[in-house]
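Below is one structure, written out as structure tokens, with a few remarks after it.
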Amino acid sequence: MAMKTANTGCSCFCLDFSAGSAGFCASFSQPQLVTDCIGEQSKLEASDFRLERHAAYFKKHLQELPGIYKTMDTNRLTLLYFCVSGLDLLDLLGEVDKVTVIRYIYSQQSSLPDHGGFYGYPRLHFDSEEQDRCNNQPHIANTYVALAMLIILDDDLQRVNRQAVAASLQKWQLPDGSFCCVHGISSLDSENDMRFVYCAACICYMLDLWSAVDVERMAQFILSSQSYDSAFGMGPLTESHGGCTYCALASLAMMGRLNNLPSKEAVIDWCIKRQHLGFQGRIEKPMDSCYSFWVGGSLSLLGVGHLLDGPSCARFLKSCESAALGGFQKFPEVKMPDLLHSYFSVCGLSLCGLLQPMNPLLNMSKRAFDGAAAGFQTPPDCLPWRQHSITNQQKEDDAPLPFGSAQGAQGAQGSRDTQGAKVAQGAWLALLAAVLFPVLLGLLALLSERVSTM
């Protein structure tokens, strides 16, 4: 494939092409192979992608999973979601046997009144209820994708045991406001981070179960996970990450609190700077096809989806496309596609305006979201996000860049001052940690040496 160096009229964010290494982006510590630097004359259309191959790829995996997915056997519902929602975004949901898929999804619902939700796999048989509870655990992420799929497939959710799901939500939430993904013997049986906060928010939003969780603690956990650069990590004191930022923003939106987001302009700035041609998930990381959704969706949630450079993003996704097998790879140089990156690349194409529109809040098509929106609920006394959502975003799309005018700059001065103080505080904390950490290590080593000689 022909490689190009930077050229005049380039519209992508990747302006760092090395003349000595044509075709490699030098914006990262380890240069990444890229295919083209897109210009206005080479904008891609939907017809430039092998959409029929991608549809066949999803339909094949809908029927049978290859052996490489055996390590994900406990997350079959999630893999099914990638196929169902992917076909919906490709406008081919009519080729899915809705009745059969809906029946399968409900077959994974727990029948236990205090252990509700959906399993990610066909549950195993155990002789005692105690063993069944410990080994067959409803999973918060699989519960979210099960509900999302049912909405996509036009189910009315009447067969969902809401009270049992509420009981599990109470078990899944931890004292710090975060959520774990399963609850076997105790809440310590699994990891807990921003991903599962998002899943919990989705479940509460779709089923109106906010009364089952502590919304205040949930919000505090999210805000405490905002890093010095204003984006979000997996939890407090963790690195900013594109996927976590999306989960945090979407959760706050469903809670009716996104409008009060601290340092919103700085979050927008962080997201914009993750695009070089495609999107990277973290600073100094290579571009990855799935972040076209995680970061692109974040921009949409923030009301600035028009700041996504669609032509550049589409060109990168094209370089990740598997023309022979269908689907998309994580990186252009990866040999095989996978379901996760295939699905989120299709989401990226939607956000680039090449496929039917999607609503990033619940990660489903606009058609599916709008069809069920009447049943979605924010917590009491909160303004429903859907009143400001991208389904009715014309005013936001016409908005200028942050601080794009003198009036806007004047109005945002207070927010800037707050943001500057927060960044300065973060910098001082980082410096303090850098100084104290070696000292503490030295003291511990000295103490260990003296104890050993006693």
Of Lys70/Lys273; Lys98/Lys273; Lys273/Lys366, which sit over 32 Å apart, Cα to Cα? Lys70/Lys273; Lys98/Lys273
Once the other residues with Cβ under 15 Å from the Cβ of Phe279 are scored (Lys, Arg +1; Asp, Glu -1), what is the net sum? +3
What is the packing order of peptides 260-270, 351-361, 137-147, taking the mean over residues of other C-beta atoms within 10 Å and listing the highest first? 137-147, 351-361, 260-270
Calc'd 3J(HN,Hα), region 58-63, phi into Karplus 6.51 cos²θ - 1.76 cosθ + 1.60 (θ = phi - 60°), Hz, glycine/Pro = x, comes to 5, 5, 5, 6, 5, 8
If R0 is 60 Å, what FRET efficiency do you get for Gln170 and Lys43 from their C-beta distance, rounded to 0.05? 0.75
Using amide H atoms built 1.01 Å from N in the peptide plane, name the residues 5+ places from Phe232, or on other chains, whose amide H lies under 5 Å from its own. Ser227, His241, Thr245
Based on the Cβ-Cβ distance from Ser224 to Gln158, what FRET efficiency comes out when R0 is 35 Å, to the nearest 0.05? 0.40
Expected output is a single nm value to one decimal: the length gained when fully extending between Gln63 and Asp370, i.e. 0.36 nm times separation in residues minus the C-alpha distance. What is it? 107.7 nm
Sort the following peptides by mean Cβ neighbour count (other Cβ atoms within 10 Å, averaged over residues), highest first: 71-78, 208-215. 208-215, 71-78
A correct Karplus calculation of ³J(HN,Hα) over region 368-376, with 6.51 cos²θ - 1.76 cosθ + 1.60, θ = phi - 60°, whole Hz and x for Gly and Pro, returns 5, 5, 5, x, 10, 4, 4, x, 7
What accessible area, in Å² to the nearest ten, does a 1.4 Å probe give for Arg53? 80 Å²
For Lys59, what accessible surface area do you get with a 1.4 Å probe? Give it in Å², rounded to 10. 70 Å²
Counting only residues 5 or more apart in sequence or on a different chain, those whose built amide H sits under 5 Å from that of Asn192 are none
Two-site FRET efficiency, Ile283 against Met336, from Cβ-Cβ distance with R₀ of 22 Å, rounded to 0.05: 0.20
Peptides 297-303, 121-127, 368-374 ordered by average Cβ neighbours within 10 Å, highest first: 297-303, 368-374, 121-127
Heavy atoms of Asp154 accessible to a 1.4 Å probe, total area in Å² rounded to 10: 100 Å²
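The values are calculated or read from the model by the stated rules, or taken from the named source; none is laboratory data. Computed from a prediction, not measured in an experiment: that's the story for all the values here. For neighbour counting, all protein chains shown are included, and Cβ atoms are generated from backbone atoms with ideal geometry for every residue, glycine included. Ligands, DNA and RNA are stripped out before the accessible areas are found, and what is left, the full protein with its side chains, is counted by its heavy atoms. Shrake-Rupley method; radii C 1.70, N 1.55, O 1.52, S 1.80 Å.
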